[in-house]
Amino acid sequence: MATWSRNRAKVMAIVLAGGEGKRLMPLTADRAKPAVPFGGIYRLIDFALSNVVNSGYLKVVVLTQYKSHSLDTHITKTWRMSNLLGNYVAPVPAQQRLGKHWFAGSADAIYQSMNLIHDEKPDIVVVVGADHVYRMDFSQMVAQHQETGAGVSVAAIRQPRSMADQFGVIDVDAEDPKRISQFLEKPTDPPGLPDSPDEVFASMGNYVFDADVLEQAVREDAKKEGSKHDMGGDIVPAFVERGEGYVYDFNDNDVPGATDRDRAYWRDVGSIDSYYDAHIDAVSVHPVFNLYNENWPILTNYGCHPPAKFVHGAGDRVGHAVNSAVSPGVVISGATVSDSVLSPQVRVHSFSTVSGSVLLDGVNVARGCTIERAIIDKYVHVPPGTSIGVDHEHDRARGFTVTDSGLVVVGKGTVIEGGDSA
């Protein structure tokens, strides 16, 4: 255990952003999962970085690997800290510093990047994932870590016991409910929590370590044959076996400006359906996740775009949007938009309707189109008279992705031939 003064600990944050995101295909066909746009003007990584920075931790490295160009570009252009104060958010790609191989897992990513920790010399390292939608004050988790003297502290969110088979579940000691007794991977019949038998703790993929303890753990893991070199699958269980793993209850996290409705909101947008559902959570009349909390802002840079514009207002040619998030640079021209998210520079032309959909940057919807429950990636042109999300067999025939729930996804660069009425 380190000997530094706990109330003056030097904290460094590591954001794990190398995820491939196979279940988000085709949105991840050309970009890393943390670079996927979200909520009109954001990228998924903006949520993790905003939480870290709002927590007061201003020395941050982002470990990248898979198709990271757009992610690296976004971080470099957006997350520019004060050099004068020595603060930074630095994207760090896999460097093959320890051999001719890429990151084998999240623990190996940290092991191969130990030079970053050595250079900064922190007392505590906060390790967070890069592809979840939530607000969290990590300083409160760090405070509990210091108080308990944990080897590792793991953030967890309460979920219904009936949904346990969807998560990595943390079982706790009934006599010491902050101490982790075991990790269970997607169990079908796990024990409930001591104070709430119908709930379980699901791991959020966020961890706090003393820096020297983390270094020792990843070095030992690197030598183990058969290890997957994963933080949640290998590093944390090793601490749990020694009785040194502690859980941090996300319900205890008090974020300034949070409401009873969006308190402790967290969504793993690991699939197309959860990605879509998180958008709907954000644009409802009384949002389950409130993007408008100015006391804990989600920070980003969305470029120099003009204001959104709504034009034409005669007869049945009225440009309007309801229950929707409309980004800068959008023009809705004689069209109807409802329950949707429109990213910057989207154009929706006359007599078209867009409902329950997410349109990413630069999508152009021509006249007379109907789009329902669809996600359309950047710069796709939808020809006049086209319907998307109306006839799923027709959508599949055109090469669009259709989920089991009926969501239609049109990938980046897709060329849609003609129009349904052409």
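Every test in (1) of a type in the set (A, V, I, L, M, F, W, C); (2) in contact (Cβ under 8 Å) with a residue 40 or more places away in the chain; (3) surrounded by 18 or more Cβ atoms within 10 Å (Cβ to Cβ) is passed by Ala222 save one, and that test is (3). The residue list Ala202, Ala264 contains one member that is under 20 Å from the mean Cα position of the chain (by Cα) and open to solvent by less than 10 Å² (accessible area, probe 1.4 Å), which is Ala202.
Evaluated against (1) out of contact with any His (no Cβ under 6 Å at 6 or more places or on another chain); (2) surrounded by 16 or more Cβ atoms within 10 Å (Cβ to Cβ), Ser153 falls short on exactly one condition, (1). Please verify whether segment 367-390 includes one or more residues that are within 17 Å of His279 (Cβ to Cβ), in contact (Cβ under 8 Å) with a residue 60 or more places away in the chain and of a type in the set (Asp, Glu). Checked segment 367-390: at least one residue is within 17 Å of His279 (Cβ to Cβ), in contact (Cβ under 8 Å) with a residue 60 or more places away in the chain and of a type in the set (Asp, Glu). Applying the condition of being touching a Phe, Trp or Tyr at 6+ places or on another chain (Cβ under 6 Å), modelled with pLDDT of 85 or more and assigned to a loop (DSSP other than H, G, I, E, B) to segment 51-108 and asking which residue is most open to solvent (accessible area, probe 1.4 Å) yields Met81.
For segment 304-321, a tally of residues being open to solvent by 40 Å² or more (accessible area, probe 1.4 Å) and either of a type outside the set (A, V, I, L, M) or more than 24 Å from Ser352 (Cβ to Cβ) (or both) returns 12. Quick one: what pairs do we get from segment 53-68, first residue without any contact (Cβ under 8 Å) to a residue 60 or more places away in the chain and within 28 Å of Pro256 (Cα to Cα), second part of a strand (DSSP E or B) and open to solvent by less than 10 Å² (accessible area, probe 1.4 Å), C-beta under 8 Å, 6+ apart or different chains? From residues that are without any contact (Cβ under 8 Å) to a residue 60 or more places away in the chain and within 28 Å of Pro256 (Cα to Cα), the pairs are Val60/Met12; Val60/Ala13; Val60/Ile14; Val60/Val15; Val61/Met12; Val61/Ala13; Val61/Ile14; Val61/Val15. The set of residues in segment 120-157 that are part of a helix (DSSP H, G or I) and either farther than 13 Å from Ser55 by Cα or of a type in the set (Gly, Ala, Ser) (or both) comprises Glu120, Ser139, Ala143, Gln144, His145, Gln146, Glu147, Thr148.
Any idea which residue in segment 325-342 is least open to solvent (accessible area, probe 1.4 Å), counting only those that are touching a helix residue (DSSP H, G or I) at 6+ places or on another chain (Cβ under 8 Å) and more than 17 Å from Tyr302 (Cβ to Cβ)? Can you show your working first?
Here is the first cut: in segment 325-342, the ones touching a helix residue (DSSP H, G or I) at 6+ places or on another chain (Cβ under 8 Å) are 325, 339-341.
Okay, now just the ones that are also more than 17 Å from Tyr302 (Cβ to Cβ), so 339-340.
Working: Asp339: 71, Ser340: 1 Å².
Per the criteria, the residue is Ser340.
State whether one or more residues within segment 248-269 are among the β-branched types (Val, Ile, Thr) and not in a loop (DSSP other than H, G, I, E, B). Looking through segment 248-269, none of the residues is among the β-branched types (Val, Ile, Thr) and not in a loop (DSSP other than H, G, I, E, B). Among residues that are within 26 Å of Met25 (Cα to Cα), of a type in the set (A, V, I, L, M) and open to solvent by 40 Å² or more (accessible area, probe 1.4 Å), Val390 is included.
Name the one entry in Ala29, Ala48, Ala17 that is open to solvent by less than 20 Å² (accessible area, probe 1.4 Å) and farther than 16 Å from Ile298 by Cβ.
On the way: Ala29 fails: open to solvent by less than 20 Å² (accessible area, probe 1.4 Å); Ala48 fails: farther than 16 Å from Ile298 by Cβ.
Unique residue meeting the criteria: Ala17.
Across segment 357-387, what is the total count of residues that are closer than 22 Å to Leu24 by Cβ and open to solvent by 10 Å² or more (accessible area, probe 1.4 Å)? Talk me through it step by step, then tell me what you get.
Within segment 357-387, the subset closer than 22 Å to Leu24 by Cβ is 357-363, 371-380, 382.
Those left that are additionally open to solvent by 10 Å² or more (accessible area, probe 1.4 Å): 361-362, 372-373, 378-379.
The number of residues fulfilling the criteria is 6.
Within the option set Val382, Val348, Val402, Val326, being among the hydrophobic types (A, V, I, L, M, F, W, C), touching a Phe, Trp or Tyr at 6+ places or on another chain (Cβ under 9 Å) and modelled with pLDDT of 95 or more holds for one residue only, Val326.
Restricting segment 109-119 to residues that are assigned to a helix (DSSP H, G or I) and not small (Gly, Ala, Ser), the residue that is nearest to Val15 (Cα to Cα) is Ile110.
The values are calculated or read from the model by the stated rules, or taken from the named source; none is laboratory data. The shown structure was predicted, so the numbers you read here are calculated from the model rather than taken from an experiment. With ideal geometry, Cβ positions are generated from the backbone for all residues, glycine too; neighbour counts draw on all protein chains shown. When the accessible area is computed, the model is the full protein with side chains, heavy atoms only, and any ligands, DNA or RNA have been set aside. Shrake-Rupley method; radii C 1.70, N 1.55, O 1.52, S 1.80 Å.
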